[in-house]
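Peer 1: First the structure, then my questions, so here it is.
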Amino acid sequence: MVINSTTARGDIFKEFYNEIKTNFPSIKVTNAFVEDITQIPQIVVHSPTLPRKRETFNIINYNRDGVIEIEIYHKSVKDLTILLDELENLLITSPNISVQNLRIGESTIGSIDLLGKRVHVILLPIGFTFRR
């Protein structure tokens, strides 16, 4: 997929979303959390942010650093960490992600109550550079 500078946020979102959905067909992949215990495990891909910095724009180059956040929900911490490792490996090795300099961060594992069941969650912020 070619990322166009005029539709960069949507194009970058589609790349990450499609790559995750294609490689995890048995997991619910969405852009907003679905509050349904039957939809767990679940991966939520948020729209990326591409803050503008004046010095990164000129007639020749279009360079922007951005962040896309991905939330992972699972019923057990063990399964959550396994899915987290698989997702990180996919994103780092994927030839279908065309942004550069992926920097994968990690939050701490938290938990929520969903219809009387404990669900574990982790936020995965992914920094990147978008160049055109």
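The values are calculated or read from the model by the stated rules, or taken from the named source; none is laboratory data. The structure displayed is predicted, hence computed values, not measured ones. Positions of Cβ are backbone-derived with ideal geometry, glycine not excepted, and every protein chain shown enters the neighbour counts.
A quick yes/no check of all residues on (1) assigned to a loop (DSSP other than H, G, I, E, B); (2) modelled with pLDDT under 95:
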site: Pro25; (1), (2): yes, no
site: Arg52; (1), (2): yes, yes
site: Glu55; (1), (2): no, yes
site: Asn63; (1), (2): no, yes
site: Ile70; (1), (2): no, no
site: Glu86; (1), (2): no, no
site: Thr108; (1), (2): yes, yes
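Peer 1: I'd like the full set of residues that are without any contact (Cβ under 8 Å) to a residue 24 or more places away in the chain and in a strand (DSSP E or B), limited to the stretch 91-106.
Peer 2: Ile104
Peer 1: Right, next: Let me confirm something: among Asn101, Asn89, which residue is within 16 Å of the chain's Cα centre (by Cα), exposed (fewer than 12 other Cβ atoms within 10 Å of the Cβ) and farther than 17 Å from Pro41 by Cβ?
Peer 2: Of Asn101, Asn89, the one residue that is within 16 Å of the chain's Cα centre (by Cα), exposed (fewer than 12 other Cβ atoms within 10 Å of the Cβ) and farther than 17 Å from Pro41 by Cβ is Asn101.
Peer 1: Report yes if Ile12 is modelled with pLDDT under 95 and either surrounded by fewer than 17 Cβ atoms within 10 Å (Cβ to Cβ) or assigned to a helix (DSSP H, G or I) (or both), otherwise no.
Peer 2: yes
Peer 1: Right, something else. Assess whether Ala32 counts as being among the hydrophobic types (A, V, I, L, M, F, W, C) and modelled with pLDDT under 90.
Peer 2: No.
Peer 1: Next question. Output the qualifying pairs, or none if there are none: Cβ atoms under 6 angstrom, residues six or more apart or on different chains, first residue in the stretch 116-132 and touching a residue at least 40 places away in the same chain (Cβ under 8 Å), second residue among the β-branched types (Val, Ile, Thr) and not in a strand (DSSP E or B).
Peer 2: Lys117/Ile37; Val119/Ile40; His120/Val77; His120/Ile109; Ile122/Ile109; Phe128/Val99; Phe130/Val99
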